[in-house]
Amino acid sequence: MLEGKRILLIVSGGIAAFKSLDLIRRLRERGAEVTPVLTRAAEQFVTPLSASALAANKVYRDLFDLTDEAEMGHIELSRAADLVVVAPATANLLAKMAHGLASDLASTLLLATDKRVLVAPAMNVRMWEHAATKRNIATLRGDGVLFIGPDEGDMACGEYGPGRMAEPMAIVDAISAALMDGPLKGKRVLVTSGPTHEPIDPVRYIANRSSGAQGSAIARALAALGAEVVFITGPASVARPMGVRVVEVETATEMAAAVDAALPVDAAIFAAAVADWRMVSAPASKIKKDGKGSLPALEFAENRDILASVAQLENGRPHLVVGFAAETDDVIENATAKRLRKGCDWILANDVSPETGIMGGPENAVTLISEAGAESWPRMGKDQVAAKLAAKIAGVLA
Ligand code: CTP
């Protein structure tokens with residue numbers, strides 16, 4: 001299934017590097033051509049000879065070996081692959097990637113490549129949970145870097161927790177998924193997701209109960225069909241999807257600006273639960289009690305309806321614009337009217353009454369409303385709703 005695919009495999013220095021030899025073997029068994037690159041530290045764990053023998057290929061180790069451009073320059077090496085894989089990716093290499101350093105061959109290749117990059121982090125649990133690593137991971141996700149793992153379990157250093165490199169077969173699966181040519185290949189799709197937070201003052205905000213689960217699942221399903229996905233999310237509680245470009249925002253105003261910046265797109269899916277109002281001007285200092293029991297007067301302004309503004313664009317309107325309608329009463333009537341009012345092509349209507357358990361829950365029961373009428377889908381997992389929607393979108397765009 002990986003027949004003829006070229007993988008540039010960067011191995012950095014961690015105890016998990018020994019598993020990379022198995023990864024090379026399994027990739028080659030599936031027909032992939034593997035070019036290994038070892039960092040200096042990786043050579044403490046695996047030898048260039050073993051990597052070269054298993055890959056049946058030259059192993060690259062030194063930036064200055066490549067300065068003789070007559071052989072193969074680092075730019076060419078970084079681009080002569082279908083996918084760049086970093087396994088294991090140490091905290092150090094992730095930090096270099098996040099900051100754009102090019103201090104050795106591995107980091108230079110990662111900076112120079114124009115191909116997708118999949119990383120399999122491996123490090124001590126404290127290093128994985130360190131704020132600096134979290135910042136770096138968020139930056140890399142935003143850059144569109146794909147992640148697999150790490151797994152949770154006993155670690156070579158004697159501690160327990162997340163930090164173990166994903167197993168080679170899981171990495172092979174992630175590589176196959178990243179290389180898949182789906183029906184949405186070459187299509188650019190935008191997905192908004194999660195709640196927005198509208199500040200009242202520096203410590204308080206208005207929010208809603210959206211977890212971002214449905215929006216994340218839709219972004220994942222679209223990416224799995226090969227779409228280039230721009231995922232614009234408010235402060236959602238669920239993990240960010242892999243294989244997509246993640247743009248983190250807080251307020252509705254920031255979300256609107258991020259959507260404008262992401263255009264043009266072939267399709268836009270508005271799954272975010274955007275706040276309808278924001279404070280006219282949130283004070284820079286915390287609002288204090290006045291001691292007399294009187295309530296502070298909060299003045300609100302309406303947020304721009306992002307869905308409606310994109311659906312009604314005169315120039316550069318996406319081919320397909322999809323909105324959501326979270327209703328508690330007269331779901332289909334309200335959602336049908338909302339589709340016409342907002343000018344979008346499809347509305348996915350759902351009943352978010354508390355007794356349905358849909359908002360924040362794992363399942364969804366939606367009705368797809370289009371010009372053709374209303375089509376009710378049975379209650380199913382949010383991942384299944386996402387897959388069904390992505391397939392329908394592919395039917396329109398492909
Ligand atoms: N939406 C948006 N920008 C906003 C508000 C909503 O993009 N400022 C999008 C949501 O992402 C969703 C759709 O509009 O796809 C429906 O949101 P909803 O809040 O239900 O619509 P409202 O017009 O606010 O409807 P109502 O007042 O009836 O709840």
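What the table below lists for this structure:
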quantity: Mean separation of Cα contacts under 8 Å, 6 or more apart, over the residue count of the chain: relative contact order %; calculated: 11
quantity: Net dipole in debye of segment 188-397 [+1 Lys, Arg Cβ; -1 Asp, Glu Cβ; about Cα centre; nearest 20]; calculated: 480
quantity: Over the chain: helical MRE at 222 nm, DSSP H runs n ≥ 4 each giving -39500 (n - 2.57), nearest 500; calculated: -9500 deg cm²/dmol
quantity: Binned Cα-Cα distance frequencies in segment 1-72 - 5 Å width, integer %; calculated: 3, 18, 28, 23, 15, 10, 3
quantity: Stokes-Einstein D (µm²/s) once Rh is taken as the Kirkwood radius of segment 69-149 over alpha-carbon pairs, at 10 °C in 1.306 mPa s; calculated: 122
quantity: Listed residue pairs exceeding 20 Å between alpha carbons, taken from 5/392; 187/382; 115/187; 342/382; 5/58; 187/342; calculated: 5/392; 187/382; 342/382; 187/342
quantity: With every protein chain in place, the chain: carbon and sulfur % of accessible area (1.4 Å); calculated: 52
quantity: Kirkwood Rh (inverse of mean 1/r, distinct Cα pairs), segment 130-178, angstrom; calculated: 12.2
quantity: Solvent-accessible area per residue for segment 47-124 (1.4 angstrom probe, square angstrom); calculated: 42
quantity: Cα gyration tensor of the chain - equivalent ellipsoid semi-axes, whole Å, descending; calculated: 43, 25, 19
quantity: Debye equation applied to the C-alpha atoms of segment 347-398, log10 I(q)/I(0) at 0.22, 0.25, 0.29 Å⁻¹; calculated: -0.84, -1.01, -1.19
quantity: Shape metrics for segment 173-284, restricted to C-alpha atoms - Rg then Dmax, Å; calculated: 15.2, 50
quantity: Cα-based radius of gyration of segment 188-397 once divided by 2.2 N^0.38 Å, which approximates compact folds; calculated: 1.05
quantity: Calculated Rg and Dmax of segment 6-179 using C-alpha coordinates, Å; calculated: 14.8, 48
quantity: Cα point-scatterer Debye curve for segment 288-398, base-10 log of I(q)/I(0) at q = 0.14, 0.15, 0.17, 0.18 Å⁻¹; calculated: -0.66, -0.73, -0.87, -0.95
quantity: Cα-centre dipole for the chain with unit charges at Cβ (Lys and Arg positive, Asp and Glu negative), debye to 20; calculated: 320
quantity: Along the chain, longest interval not containing exposed GluC sites (Glu not before Pro), exposed being DSSP loop plus at most 13 other Cβ atoms within 10 Å; calculated: 160-298
quantity: Bins of 5 Å from zero: percent of alpha-carbon pairs in segment 183-246; calculated: 4, 20, 25, 18, 12, 10, 5, 3, 1, 0
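The values are calculated or read from the model by the stated rules, or taken from the named source; none is laboratory data. Just so we're clear, the structure is a prediction, and the values are computed from it rather than from any experiment. FYI the Cβ positions are ideal-geometry reconstructions off the backbone, even for glycines, and counts take in every protein chain you see. With ligands, DNA and RNA removed, areas are computed over all heavy atoms of the protein, side chains included. Shrake-Rupley method; radii C 1.70, N 1.55, O 1.52, S 1.80 Å.
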